[in-house]
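Remarks on the structure that follows.
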Amino acid sequence: MRSRALLIIFSLPLIFIFSANAATVDAEAAKTLARQNGCFKCHTVEDNPAKQKDGPAWGKIAGKYRGKSDAEARLITHITTGEKAKFPDGHEEDHKIIKTKDMAQIKNLVNWILSL
């Protein structure tokens, strides 16, 4: 019984941390930034074979990075540096760089993608 009480006590701060992070994502602002930067030309939100695009669906990206400690940093680097993006036919192109200097907007977009 005592170990269960300790588990609950030590778990509560983690619950609040994860809830606070989830609550800080502004999905509408993220979608607006994505629309302004043409992200929906290559990506969809969820994987749907009927609506296949050149880039992976963001839900698939979220699944790939789920539980990885460097997920946010990795995606921020990808969308802010123009890294190579690999296409289904095998060719590579520089990924479009997000046009904003506001790191809060960039983090919001990345965290929205990771929340899918």
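Worth pointing out:
- The set of residues in segment 45-59 that are among the basic types (Lys, Arg) and either touching a helix residue (DSSP H, G or I) at 6+ places or on another chain (Cβ under 6 Å) or surrounded by 11 or more Cβ atoms within 10 Å (Cβ to Cβ) (or both) contains only LYS53.
- Within segment 8-40, the set of residues being of a type outside the set (A, V, I, L, M, F, W, C) and either in contact with a helix residue (DSSP H, G or I) (Cβ under 9 Å, 6 or more places away or on another chain) or modelled with pLDDT of 95 or more (or both) comprises ASN21, THR24, ASP26, GLU28, LYS31, THR32, ARG35, GLN36, ASN37, GLY38.
- Considering each residue of segment 101-108 in turn, at least one proves to be in a loop (DSSP other than H, G, I, E, B) and without any contact (Cβ under 8 Å) to a residue 40 or more places away in the chain.
- Scope segment 26-44; condition part of a helix (DSSP H, G or I) and surrounded by fewer than 16 Cβ atoms within 10 Å (Cβ to Cβ); matching residues: ALA27, GLU28, ALA29, LYS31, THR32, ARG35, GLN36, PHE40, LYS41
- Positions within segment 60-116 being of a type in the set (Phe, Trp, Tyr) and surrounded by 13 or more Cβ atoms within 10 Å (Cβ to Cβ), in sequence order: TYR65, TRP112
- Of all residues in segment 45-93, those satisfying the criterion of being in a loop (DSSP other than H, G, I, E, B) and touching a residue at least 40 places away in the same chain (Cβ under 8 Å) are VAL45, GLU46, ARG66.
The values are calculated or read from the model by the stated rules, or taken from the named source; none is laboratory data. What you are looking at is a predicted structure, and each value in this text was computed from that prediction instead of being measured. Backbone-built Cβ (ideal geometry, glycine too); neighbour counts: all protein chains shown.
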